[in-house]
Amino acid sequence: MNSTKRSASKLVLMTCGMFCFGFALVPIYDVFCDITGLNGKISGPTFTSYDQAIEIREVQITFVTSNNNKMPWSFKSASPQMRVKTGEDYLMNFTFKNTTDKPMIAQAIPSVSPGRGARYFHKTECFCFEQQFLKAGESITVPVKFIIDPELPKNIASLALGYTLFDVTEEFANLQALN
């Protein structure tokens, strides 16, 4: 009987430990993404006043758009790339087109490559902050405003801003049904 109680106690402790670990995963993931730049976690200042001693230089920015395999929309940037100066505001337009015969909701998930450069890419306005609702056949052009931090390491001469577009129509409908 004593070994049964001990086993039950261990199982309860393991269950509590797994439950706590599940809650700790979100902040651990956020810290990991902040450190590595994984999954395009972009943070940091969004202002343009920098110390004059910092060298301003040109950087190549490449814009990459892709759709999740279940997303039928057309999605592209106005230009595949641009040269920018660090510390200055820039804007790039992106166009979405719902190519289906039904209304849909999309969410764009950003990422920056190389990962170590993500912390120097500051978006001040982005369509990725909200979901995009389009009626059948409708299209929309939306901007991304950004600044490249002048403290970007010298060994990073180019950055890629990528977006993957996901269909979230069903998830949105399920959320509305719960409310």
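The values are calculated or read from the model by the stated rules, or taken from the named source; none is laboratory data. Just so it is clear, the model here is predicted, and its values are computed rather than measured. Note that each Cβ is placed from the backbone with ideal geometry, even for glycine, and that neighbours are counted across all protein chains shown.
Data overview
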{"read-out": "When residues of the range 75-102 are limited to those that are surrounded by 13 or more Cβ atoms within 10 Å (Cβ to Cβ) and aliphatic (A, V, I, L, M), the one nearest to Arg57 (Cα to Cα)", "value": "Val84"}
{"read-out": "Hits in the range 106-152 - residues which are hydrophobic (A, V, I, L, M, F, W, C), loosely packed, with under 14 Cβ neighbours inside 10 Å and out of contact with any Asp or Glu (no Cβ under 8 Å at 6 or more places or on another chain)", "value": "Ile109, Phe129, Ile140"}
{"read-out": "Filter result (modelled with pLDDT of 95 or more and in contact with a helix residue (DSSP H, G or I) (Cβ under 8 Å, 6 or more places away or on another chain)) within the range 124-148", "value": "Val142, Pro143, Val144, Ile148"}
{"read-out": "Residues of the range 117-158 that turn out to be assigned to a strand (DSSP E or B), within 20 Å of the chain's Cα centre (by Cα) and hydroxyl-bearing (Ser, Thr, Tyr), as a count", "value": "3"}
{"read-out": "Residue count, the range 121-142 (criterion: under 18 Å from Asn68 (Cβ atoms) and in contact (Cβ under 8 Å) with a residue 24 or more places away in the chain)", "value": "6"}
{"read-out": "Pairs, first in contact (Cβ under 8 Å) with a residue 40 or more places away in the chain in the range 143-167, second part of a strand (DSSP E or B) and of a type in the set (Gly, Ala, Ser), C-beta under 6 Å, six or more apart", "value": "Ala160/Ser113; Gly162/Ser111; Tyr163/Ala108; Thr164/Ser66; Leu165/Ala106; Leu165/Ala108"}
